Amino acid sequence: MDLSQDTKNILGLQLPTDPRWVDLASLSLSEILTDHAYCEQKAATTCITLIQRYNQKEKLVTELSPIVTEEWGHFRLVLAELKKRNLKLGLQRKDEYVNALIEFQQKGGNEEGRLLDQLLTMALIEARSCERFKRLSEGLNDEYLRNFYRRFMESEAGHYTLFIELAETYIAKEKVRSRWSEWLDYEAKVITNIEVRGDRIH
């Protein structure tokens, strides 16, 4: 995936991150690394939850199992970076972005609709995370951290498409694409309404 192309063409996202975000993040490295660590942890545990909930869906279990290992490995890498810089893992904070996405998920109804929204939520989180890592890899003054986040960006780049592909394995492609379009529009509104803060990945 060539992330030198624009955000909308590559990741589907309707809006790019506000340029001010990287400048703010560079002033809050302890906070941004802490939040990043928890993001990786939550990604791993969410995949575990999906595997447990949909254990009869063989492809989902097979494809998400290595993602659990990868995301947990990322969590450990960020912890190591905190330690190297003599920084502490701070408290986990409320993730306004993710909570806003969860509000858009189908509640009740059929299992297919619930599964679709859970997978598309993960796809969006991965896409936005990848885009944020790209910004950090380009905009931080610390050369080591630029490379650090470049590696994360490259690692995360394909995750969002995996969740869409899994959705299309179990649900009609037309339905997935239609709902994905609705999710992208909704995410753009979420990004517009959330305060730009340098101590959050999202």
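The values are calculated or read from the model by the stated rules, or taken from the named source; none is laboratory data. Note that this is a predicted model, so its numbers are computed, not measured. A quick note on method: Cβ atoms are made from the backbone with ideal geometry, for glycine too, and the neighbour counts reach across all protein chains shown.
Working only within the range 21-73, note down all residues that are among the small types (Gly, Ala, Ser) and either in a helix (DSSP H, G or I) or surrounded by 17 or more Cβ atoms within 10 Å (Cβ to Cβ) (or both).
Result: ALA25, SER26, SER30, ALA37, ALA43, ALA44, SER65, GLY73.
Can you name every residue in the range 173-191 that is more than 12 Å from GLY12 (Cβ to Cβ) and among the aliphatic types (A, V, I, L, M)?
The answer is VAL176, VAL190, ILE191.
Of the numbered conditions (1) out of contact with any Leu (no Cβ under 8 Å at 6 or more places or on another chain); (2) part of a helix (DSSP H, G or I); (3) surrounded by 14 or more Cβ atoms within 10 Å (Cβ to Cβ), HIS202 fails exactly one; give the number of that condition.
Here HIS202 clears every test but (2).
When the residues of the range 66-92 are filtered to those that are at pLDDT below 95 and more than 20 Å from PHE152 (Cβ to Cβ), which remaining residue is nearest to the chain's Cα centre (by Cα)?
Among residues in the range 66-92 that are at pLDDT below 95 and more than 20 Å from PHE152 (Cβ to Cβ), the one nearest to the chain's Cα centre (by Cα) is LEU91.
For the range 97-134, how many residues are touching a Leu at 6+ places or on another chain (Cβ under 6 Å) and polar (S, T, N, Q)?
Total satisfying the criteria: 1.
Pick from the range 156-195 the residues that are among the acidic types (Asp, Glu) and at pLDDT below 95: which of them is surrounded by the fewest Cβ atoms within 10 Å (Cβ to Cβ)?
Filtering the range 156-195 for residues among the acidic types (Asp, Glu) gives 156, 165, 168, 174, 182, 185, 187, 195.
Imposing the further condition that a residue be at pLDDT below 95 reduces the set to 156, 195.
On the way: GLU156: 23, GLU195: 6.
The selected residue is GLU195.
Where the second residue is at pLDDT below 95 and surrounded by 14 or more Cβ atoms within 10 Å (Cβ to Cβ) and the first is acidic (Asp, Glu) and lies in the range 46-63, which pairs have Cβ atoms under 6 Å and are six or more apart or on separate chains?
Note: no pairs meet the criteria.
Take the range 78-89 and flag every residue that is in a helix (DSSP H, G or I) and without any contact (Cβ under 8 Å) to a residue 24 or more places away in the chain.
Initial filter on the range 78-89 (in a helix (DSSP H, G or I)): 78-84.
ALA80, LYS83, LYS84 - these are the residues of the range 78-89 that are in a helix (DSSP H, G or I) and without any contact (Cβ under 8 Å) to a residue 24 or more places away in the chain.
Looking for something buried (at least 17 other Cβ atoms within 10 Å of the Cβ), touching a Cys at 6+ places or on another chain (Cβ under 9 Å) and either aromatic (Phe, Trp, Tyr) or outside any helix (DSSP H, G or I) (or both) - is there at least one such residue anywhere in the range 103-123?
no
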